Amino acid sequence: MDTARFIYTSLLRTLIMVFTVTLACIVIVTLIPGDPGELALREASEAVSEEKIREIRQLFGLESPVFNRSLNWIKGILVLDFGKSYRTGEPVLKEIGSRLPFTMKLAFGTLLWVIPCSLLGAWGSVKFKAVRWITSSISLLGLVIPDYVLGVLILLLVSIALKDFENVIPFLPYLVLGLPITAFYFYVTYTVITQALNSDYIRFAYAKGLSEWAIFFRHVFPCILPSLLAVWAISLGRLLSGAVVVEIVFGLPGLGRLFVEAVFSRDYPVIEAVVLWSGWVFAFLISITDALLYYSNPTLMRSHF
Amino acid sequence: MEYKLRSLKAILSNVQSACKQSIGLLLIFLIFLVLLPSLTAIVSDPYKIDLKQRLLPPSGEFLLGTDSLGRCLFSRTIIGGRNTVISGLSATILGAIIGTVIALASLKAPSLVKEPLMVIIDSCLALPDLLLILVLTLILGNSIFGVVISIALSNWPWWARFIRNLLIVAYAQDYVVASRATGISGFRLFKSYILPQILPPLGSAFFVRSARSIVLFGGIGFLGLGVQPPIPEWGSMIRDAMPLIPVAPWIMVGPSVGFTITVMLFQWAAASMRDLANYRNYTFI
């Protein structure tokens with residue numbers, strides 16, 4: 001298959017996915033029972049009259065039929081207008097824009113230590129028994145303890161063990177978020193690396209007398225990269241949609257916390273926008289990964305399409 | 001990815017030997033979890049509020065101490081454990097059933113149905129499960145039933161994708177093609193050539209996804225959007241314990257240890273299934 005056709009099909013697939021995610025958003029939000037206008041009023045005051053409810057529904061634009069509302073919403077999206085938050089009255093884009101830097105920092109910061117650590121850990125544990133023992137126990141810990149328990153426990157331990165724990169706390173979210181991912185990555189990387197190391201061309205590379213460094217970066221890494229790229233892209237997509245639990249435990253104002261706050265107060269425009277963002281990011285990341293896979297291993301893709 | 005040709009009998013005897021260790025242990029744990037709450041001699045009333053006895057440390061009367069309302073934490077942990085684990089398990093089973101039906105439909109249906117189905121599965125997979133579950137609980141309500149259905153509904157696209165891939169690869173194996181050439185087809189082909197190959201990865205995936213569903217069920221409770229009080233549930237117990245940790249750290253112990261043991265047993269069962277298949281090429285996401 002030639003490159004041009006590959007680009008067409010992957011672009012088309014991305015577009016279809018973006019469209020279905022948008023449609024799914026509309027369906028989900030229309031299905032939510034209850035009146036957000038009434039709920040907002042009840043949160044604010046005890047006395048709720050019919051007239052006030054109608055007024056606030058008018059303000060939120062809930063009086064028009066579902067179809068018109070959805071159409072208007074899609075029209076708004078095309079010019080990047082996601083409506084106004086029911087809770088604060090601010091434009092949703094501004095709300096998300098103010099939360100996104102925290103989530104981005106968290107996502108990239110976590111992957112920045114997780115990816116090298118899992119690669120190094122997997123490589124080390126193939127080579128040395130002691131390293132294997134350490135890495136497998138750490139990854140068992142990350143695999144077994146749920147992140148909310150881990151977050152609370154680590155906070156507790158740090159506050160007991162360290163006197164000046166204020167200095168350490170900014171690093172803890174990265175640790176708690178990264179540990180389960182490291183565990184997962186470690187297992188994947190370990191299986192792929194053992195497979196690569198057992199192959200004939202690596203044995204030949206050793207026979208040529210190449211250094212470990214050269215073998216890893218020139219022979220093993222290009223071979224395992226395609227299978228790891230997909231895994232990395234998936235978790236990056238998940239992380240960019242907000243680390244809900246970690247943000248709640250550590251009180252970080254990220255996207256995940258915005259989403260939970262929006263769910264609590266039935267802030268439909270914010271809910272829709274966050275779900276949309278995460279779906280879109282995922283769709284784009286998947287197609288970028290596909291392109292990278294194609295680039296890094298053309299033979300693999302030729303057999304697939 | 002390649003399957004080894006084995007008979008159903010060989011796989012089942014391997015499953016039996018695995019059962020004796022990890023899967024058996026898991027079963028014993030689950031049975032205990034279900035039966036313990038009915039032993040009234042061990043478990044006192046988990047709903048009984050006694051403000052005179054609030055925040056007591058562990059003692060002979062209250063094995064894990066009491067919480068801020070003076071309720072016995074031991075009985076709450078056990079009944080909460082039953083709620084959490086059984087809900088997670090049933091959500092996985094439900095999701096797997098829906099996923100299997102959709103997977104079969106996406107393989108056998110006419111292409112007019114097939115293609116849209118795959119697009120729907122892919123776009124459902126694009127949405128993060130926690131976000132999807134939270135929105136679905138808004139629709140279905142946050143009773144235990146509602147949360148279980150939401151987790152199942154967020155689970156099925158993964159199962160559909162997984163089972164579809166499994167079947168495609170299994171039917172494409174050379175020995176399956178060869179046996180078809182000899183005239184074996186239908187149920188007999190499935191029973192003696194397909195099922196033995198897909199059983200271990202299927203079992204392993206089931207245990208991993210169950211552990212994940214249990215953790216998700218707890219996670220929604222932890223966020224305060226899951227099962228509402230006074231029904232005990234591990235996630236919401238951890239949520240209640242969080243502000244009280246400096247005063248009464250023992251509130252955390254029951255649900256944390258419970259989560260860890262449960263997930264460990266499930267992961268162990270999954271690992272033994274994976275080992276028995278010698279099936280290391282597949283990653284479970």
Fewest-first ordering of B:Trp250, B:Trp159 by Cβ atoms within 10 Å yields B:Trp250, B:Trp159
Here the convex hull volume per residue of the range A:92-180, taken over Cα atoms and given in Å³, is 124
Taking only the alpha carbons of the range B:42-104, the radius of gyration and the largest Cα-Cα distance, Dmax, both in angstrom, are 17.8, 59
Between the alpha carbon centres of the range B:180-255 and the range A:190-204 the gap in Å comes to 34
Residue-ordered couplings for the range B:132-142, obtained by feeding phi - 60° into the Karplus form 6.51 cos²θ - 1.76 cosθ + 1.60 and rounding to whole Hz (Gly and Pro as x), are 4, 5, 4, 5, 5, 5, 5, 6, 8, x, 9
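Report Rg(Cα)/(2.2 N^0.38 Å) for the range A:74-227, keeping two decimals.
1.44
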For the range A:131-222, the Cα convex hull volume per residue in Å³ comes to 133
As a Kirkwood estimate from alpha-carbon pairs, chain B has a hydrodynamic radius in angstrom of 20.8
Kirkwood Rh over alpha-carbon pairs of the range A:8-144 plugged into Stokes-Einstein at 4 °C, 1.567 mPa s gives a D in µm²/s of 65
Quick P(r) readout (the protein assembly as shown; Cα-Cα; 10 Å bins; whole %) gives 3, 14, 25, 27, 19, 9, 3, 0, 0
The ratio Rg/Rh over the Cα atoms of the range B:130-191, Rh being the Kirkwood inverse mean 1/r radius, stands at 1.33
Here the tail fraction of P(r) beyond 25 Å, over all Cα-Cα pairs of the range B:40-156, rounds in percent to 48
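Taking other Cβ within 10 Å of each residue's Cβ, how do B:Tyr47, A:Tyr187 sort, fewest first?
Ascending number of Cβ neighbours within 10 Å: B:Tyr47, A:Tyr187.
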One can check that the equivalent ellipsoid of the range B:156-281, built from the alpha-carbon gyration tensor with semi-axes equal to the square roots of five times its eigenvalues, has lengths in Å, largest first, of 44, 15, 9
Mean-square fluctuation maximum in Gaussian network of chain A, Cα pairs under 10 Å, restricted to A:Ser241, A:Ser199, A:Ser278, hits A:Ser199
With x for Gly and Pro, the residue-by-residue ³J(HN,Hα) of the range B:119-125, computed from phi through the Karplus equation 6.51 cos²θ - 1.76 cosθ + 1.60 at θ = phi - 60° and given in whole Hz, is 5, 4, 4, 4, 6, 5, 5
On each of the three principal axes the extent of the alpha-carbon atoms of the range A:183-259, given in whole Å and largest first, is 56, 18, 17
Candidates A:Ser287, A:Ser98, A:Ser211; GNM for chain A (alpha-carbon contacts under 10 Å) flags as most fluctuating A:Ser211
The aspartates and glutamates whose Cα lies under 20 Å from the Cα of B:Lys108, excluding any fewer than 8 residues away in the same chain, are B:Asp122
Projected onto their principal axes, the Cα atoms of the range A:79-125 stretch, largest extent first, over whole-Å spans of 53, 21, 12
In vacuo Debye sum over C-alpha of the range A:44-94, base-10 log of normalised intensity I(q)/I(0) at q = 0.18, 0.22, 0.24, 0.30 Å⁻¹, listed in q order, is -0.68, -0.89, -0.98, -1.16
Under 5 Å from the placed amide H of B:Ser68, counting only residues 5+ away or on other chains, we find B:Leu55
Sequence order, the range B:75-83: Karplus ³J(HN,Hα) from phi using 6.51 cos²θ - 1.76 cosθ + 1.60, θ = phi - 60°, Hz rounded, Gly and Pro as x, gives 5, 5, 5, 5, 5, x, x, 4, 4
Beyond 25 Å, the calculated P(r) of chain A holds a percent of Cα-Cα pairs equal to 62
Expressed to two decimals, the range B:196-238 has a Cα Rg over Rh, using the Kirkwood radius, of 1.24
Using the Kirkwood radius over Cα pairs of the range A:197-305, the Stokes-Einstein translational diffusion coefficient at 20 °C and 1.002 mPa s, in µm²/s and rounded to a whole number, is 126
Against the 2.2 N^0.38 Å rule of thumb, the C-alpha Rg of the range B:103-158 sits at a ratio of 1.30
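No lab work stands behind these numbers, since they all come straight from the coordinates. Small disclaimer: the values here were computed from a predicted structure and weren't measured. Every residue, glycine among them, receives a Cβ derived from its backbone with ideal geometry; neighbour counts consider all protein chains shown.
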